Amino acid sequence: MDAGLYIVGTPIGHLGDMTSRGIETLQGASLIIAEDTRTTRNLLTHFGIKTCCISCHKFNEARRCGEIIERIKNGEAVAMVTDSGMPCISDPGARIVAACRTAGVMITSAPGPTAATTALALSGFGGHGFLFAGFLARKSGARRRTLEQCAALPVPVILYESPYRLLTLLEEIETVMGPDRSVFVARELTKKFEELLSGTPEQIRRQFGERTVKGECVVIIDSAE
């Protein structure tokens, strides 16, 4: 493989979604940088990939930049992955990409699925663009301000949310955008317990009932009428 940075998409759940090109890239790379090496080891073991893997996450990404650029300039192919989906999409990686671009080294991608666009396709809200807002801030005031800014948008808004804050988010959407706004929630996409819920915020809260929400969640707020 040519020296450079290879951004590799990995499955968001089902390992069968790993692309053949992604497997070939991880096999042929000199080094894999991963958000969590434990998670990535499971993926590599499943596909029989023995490439060396080191961590590169939000706490050490800035420090890794120089090392990665030096290795690429010395002729190595470095593959970058996150725990699931595409690096840099509400995941680490953007600093590495920006540093490599400044350094003038080759950057390419073996793309894979992302939770945001997968959920959008399942929601039926797409077709005319969308706004991806990622994770909202944890503080209630900042969360409310973001929702207020999104309330009148003519396109759907895609959010990622922790299962521990999902029900609170639904209450916030109802408060800011009104009780009749259509919402879609995708939980555990492509995994065994995938769950797709749609309706008003209150209707979705009722569907969860008293059970504890588990797993990764994508929330899509339909556009303003």
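Coordinate-derived values only; no laboratory data. Here the structure is a predicted model, which means the values were calculated and not measured. With ideal geometry, Cβ positions are generated from the backbone for all residues, glycine too; neighbour counts draw on all protein chains shown.
Ordered by the number of other Cβ atoms lying within 10 Å of each residue's own Cβ, fewest first, LEU169, LEU131 fall into the sequence LEU131, LEU169. Residues SER123, SER55 in ascending order of nearby Cβ atoms (within 10 Å, fewest first): SER55, SER123. Look at the alpha carbon pairs under 8 Å that are at least 6 residues apart: their mean separation over the length of the chain gives a relative contact order of 21 percent.
Can you tell me how the range 1-79 classifies by the Cα gyration tensor, rounded, prolate or oblate, using a/c under 1.5 as the rounded cut? Because a/c hits 1.5 or more and a/b fails to exceed b/c, the range 1-79 counts as oblate. If you add up the charges near GLU202, with Lys and Arg at +1 and Asp and Glu at -1, over every other residue whose beta carbon is less than 13 angstrom from its beta carbon, what do you get? Net local charge, GLU202 excluded: -1. For the chain, the mean residue ellipticity at 222 nm estimated from helices alone is -11000 deg cm²/dmol, where every DSSP H run of n ≥ 4 contributes -39500 (n - 2.57) and the total is divided by all residues, rounded to the nearest 500.
Give, as a single signed number, the net charge of other residues whose beta carbon lies under 12 Å from the beta carbon of GLU188, with Lys and Arg counted +1 and Asp and Glu -1. Net of charged neighbours comes to +1.
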